[in-house]
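As structure tokens, the structure follows; a few thoughts come after it.
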Amino acid sequence: CTRYALTITEATMPKKEAPPPRPWTDDLEADLQRILTVGEECISAKELQSLILSKGRGTPDDGPRIRLYDGFEPSGRMHIAQGLLKSVNVNKCTADGTHSTFCFWVADWFALMNDKMGGDLQKIVIVGKYLIEVWKAAGMDLSNVEFRWASEEITDNAHIYWPIMLDVARRFNVTRIKKCCQIMGRLEGNLTAAQVLYPLMQCTDVFFLKADICQLGVDQRKVNMLAREYCDAAKKKYKPVILSHHMLYGLKKGQEKMSKSDPDSAIFMEDTVEDVRRKITKAYCPTAEEGGAAGEEEKTMAENGDAGKESMHLTEDTL
């Protein structure tokens, strides 16, 4: 009788009406357009709009915030593409009232896998701290920014991180993973076993950090697309939005982006006025469209396994 009475009660109780959808306001449109200026490409603008509507401006302060993520290897001096451009982009994405948090993944273990700083983890950590201080000096607003160190987070949350990584790994074949290795500046034929793990772990980072938006460079597009493919394979409802910023060309002929390994290919954050003037004066500046075979310098880069010769700029969607 009790069960029957409960059923009758439930049937006669008025159903709660779903709250009306939030209106799309001028302020929300301004947030959308401002964030879109960060990216050379956005996959997709419609998904970004839905994200802003559900988590952005005007939602409860104690509710979920829009989470953006970028990871960086502490691997040497910081050039203006990583310093100034990133500061501008972060400030756009976390402007007052946007209700967003930008998470920097300090990828110290990734730098170790990629053999940066001679594979010395202590030096890698020092460089990571240096990069954070440079961003502060460059005017990055850190009020809505968090820095999380990969080595600490993965160690402290191994029971969460590694099961995700293993699930990502079992859903893709080696050929698909090797196509992502350009993200490290490496070509497929010049990889160590550790470097094959790199894209799997970077894909895992997106879900471990609960990122809504992958805000990395166009050179990281392949692994970000891998994360979206994983959502399809794992039947995840919401895919991360990919907001890929433009890569600044190197100052020398044939360089798709500034390189830390070539001091004259980039303007560094601590360069003197004289250094900046000299580099800009000597920078390659073609007066007409060029074609033909690659020069000797370009051939040498390819032979050394430098993926920098593969275009870091979006020309065609091949994924």
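The values are calculated or read from the model by the stated rules, or taken from the named source; none is laboratory data. Bear in mind the structure is a predicted one, so any value in this text is a computation, not a measurement. No Cβ is skipped: glycine too gets one built from the backbone with ideal geometry, and neighbour counts run over all protein chains shown. Quick note on the areas: whole protein, heavy atoms, side chains included, nothing else; ligands and nucleic acids left out. Shrake-Rupley method; radii C 1.70, N 1.55, O 1.52, S 1.80 Å.
Here G118, G128 are screened, and the one residue that is open to solvent by 50 Å² or more (accessible area, probe 1.4 Å), closer than 29 Å to T272 by Cβ and assigned to a helix (DSSP H, G or I) is G118. The single condition from (1) out of contact with any helix residue (DSSP H, G or I) (no Cβ under 6 Å at 6 or more places or on another chain); (2) surrounded by fewer than 18 Cβ atoms within 10 Å (Cβ to Cβ) that F104 fails is (2).
Matching residues to (1) in contact with a helix residue (DSSP H, G or I) (Cβ under 6 Å, 6 or more places away or on another chain); (2) open to solvent by less than 20 Å² (accessible area, probe 1.4 Å):
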residue	(1), (2)
R228	no, no
A233	no, no
K237	no, no
L251	yes, no
F268	no, yes
D271	no, no
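Criterion applied to T94, T155, T101, T175 was being of a type in the set (S, T, Y) and at pLDDT below 95, and the one residue passing it is T175. A count restricted to region 37-54 and to residues that are in contact (Cβ under 8 Å) with a residue 60 or more places away in the chain and either open to solvent by less than 50 Å² (accessible area, probe 1.4 Å) or not in a helix (DSSP H, G or I) (or both) stands at 9. Whether a residue is open to solvent by less than 50 Å² (accessible area, probe 1.4 Å) and touching a residue at least 12 places away in the same chain (Cβ under 8 Å) was assessed, and W149 passes this test. Listed by first and then second residue, the pairs linking a residue in region 98-118 that is under 16 Å from Q202 (Cα atoms) to a residue that is among the hydroxyl-bearing types (S, T, Y) and surrounded by 19 or more Cβ atoms within 10 Å (Cβ to Cβ), with Cβ atoms under 8 Å apart and 6 or more places separating them unless they lie on different chains, are C103/Y69; F104/Y69; W105/Y69; F110/Y198; A111/S75; M113/Y198; N114/S75; N114/Y198. Looking only at residues in region 273-291 that are assigned to a helix (DSSP H, G or I) and not charged (D, E, K, R), the one that is least open to solvent (accessible area, probe 1.4 Å) is V276. Just one of the numbered conditions (1) surrounded by 18 or more Cβ atoms within 10 Å (Cβ to Cβ); (2) within 26 Å of L85 (Cα to Cα) is not true of I164: (2).
Selection of region 77-98 for residues being part of a loop (DSSP other than H, G, I, E, B) and open to solvent by 20 Å² or more (accessible area, probe 1.4 Å) yields R77, A95, D96, G97. Note on region 239-273: residues that are under 26 Å from L226 (Cβ atoms) and acidic (D, E) amount to 1. Return a yes/no flag: does region 202-222 have any residue that is of a type in the set (S, T, N, Q), open to solvent by 30 Å² or more (accessible area, probe 1.4 Å) and not in a helix (DSSP H, G or I). Checked region 202-222: no residue is of a type in the set (S, T, N, Q), open to solvent by 30 Å² or more (accessible area, probe 1.4 Å) and not in a helix (DSSP H, G or I).
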